[in-house]
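Written out below as structure tokens is the structure these notes cover.
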Amino acid sequence: MPENQKRSRTVLTVFAVTFAAFLLAVNKNTFVDTAGLYPGGVSGLSILIQRLFDTAFHIMLPFSVINLLLNAVPVYIGFRYIGKKFTLYSCLMIVLNSIFTDLLPQHIITEDILLISIFGGIIQGAAIAMCLNAGATSGGTDFISIFLSERRGVDSFPIILAYDAVILCIAGLFFGWDKALYSIIFQFASTGILRMLYKKFQQSTLFIVTTKPHEVCSAIYEISQHGATILEGEGSYGHCERNVVYSVVSAAESKKVIRVVRNADPEAFINEIKTQKLSGRFYQPKES
């Protein structure tokens, strides 16, 4: 990658991380605190500890101190097993989010807890997706999730779900089950937006009917580093020989792949299907 392109990418990443950190802080001070909700991950645990100390000892601990301490182990996992640059950007995100949260004033837009749960969750998911797409993470359980997915091939969703469930149960016991139940709506909205905007760990299956199978396979590999299988077939209408190229690619790259396939064969017929489950070796680029 040319030097000027690297610098531009770095500037864009820092800007995206900074804006995402600011957005998460505003969301906490505007929506989460107003309704007394508990978002998932380390930030949710930080808020829970903060409120427990305030209730039991009448001491309001700074969010930044708790959040930074709880992120120590996940950050170590990031440096050790995921990627140094990725982890450094993530550390910037964690520090800025912590500082913004303590410095920005609290502001009430609405006290309708259902509206807060839905729109707060949407903002939360959009901010985290922005951060992930820029090449960083919001910290905490995101590091653990990426580590388990990339390095161990383990589905991390049940583990993260169990972690969030424990936080919500403790919050329900101490602060009321209505807050815990509305927090589930908040997390559901956040997860839905995140899955919609961040597709790195989702896959698309492509069926491509073409007369230039080898050119199409080369184009797919060049853009995505994924292989393909060539199947022989016959067109039912014209009874002429056709080839079907079958490939599974990252959903985040599917548009680019389809574009280069169109360049290789403008007459290709392409069917893209969302992959529900995948077993076997699938190339996944590592974070730097």
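Here are the numbers:
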| item | result |
| --- | --- |
| Filter result (crowded, with 17+ Cβ neighbours inside 10 Å and touching a Pro at 6+ places or on another chain (Cβ under 8 Å)) within region 187-236 | Q187, S190 |
| Scan of region 52-61 for residues that are exposed (fewer than 13 other Cβ atoms within 10 Å of the Cβ) and either within 11 Å of D102 (Cβ to Cβ) or touching a Lys or Arg at 6+ places or on another chain (Cβ under 6 Å) (or both), ordered by number | M60 |
| Residues located in region 71-90, provided they are of a type in the set (A, V, I, L, M, F, W, C) and in contact (Cβ under 8 Å) with a residue 24 or more places away in the chain | V75, I77, I82, F86 |
| Residue ID - nearest to the chain's Cα centre (by Cα), chosen from residues in region 162-175 that are farther than 20 Å from I144 by Cβ and in contact (Cβ under 8 Å) with a residue 40 or more places away in the chain | A171 |
| The listed residue being assigned by TED's automatic domain parsing to the domain that holds W177 and in contact with a Pro (Cβ under 7 Å, 6 or more places away or on another chain), out of V17, V32 | V32 |
| 2 or more residues in contact with a Phe, Trp or Tyr (Cβ under 6 Å, 6 or more places away or on another chain), assigned by TED's automatic domain parsing to the domain that holds S145 and crowded, with 19+ Cβ neighbours inside 10 Å: qualifying helices (runs of 4 or more DSSP H) within region 62-114 | 84-103 |
| Number of positions in region 247-271 that are assigned to a strand (DSSP E or B) and loosely packed, with under 14 Cβ neighbours inside 10 Å | 2 |
| Subset of region 233-282 [within 14 Å of C217 (Cα to Cα) and β-branched (V, I, T)] | V244, V245, V248, V249, V257, I258, V260, V261, I270 |
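Results for (1) closer than 22 Å to A126 by Cα; (2) of a type in the set (A, V, I, L, M, F, W, C); (3) not in a helix (DSSP H, G or I), shown as yes or no for each residue.
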site	(1), (2), (3)
F186	yes, yes, no
L194	yes, yes, no
T205	no, no, yes
S218	no, no, no
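The values are calculated or read from the model by the stated rules, or taken from the named source; none is laboratory data. All values reported here derive from a predicted model rather than from experimental measurement. Here the Cβ is made from the backbone with ideal geometry for all residues, glycine too, and neighbour counts use every protein chain on show.
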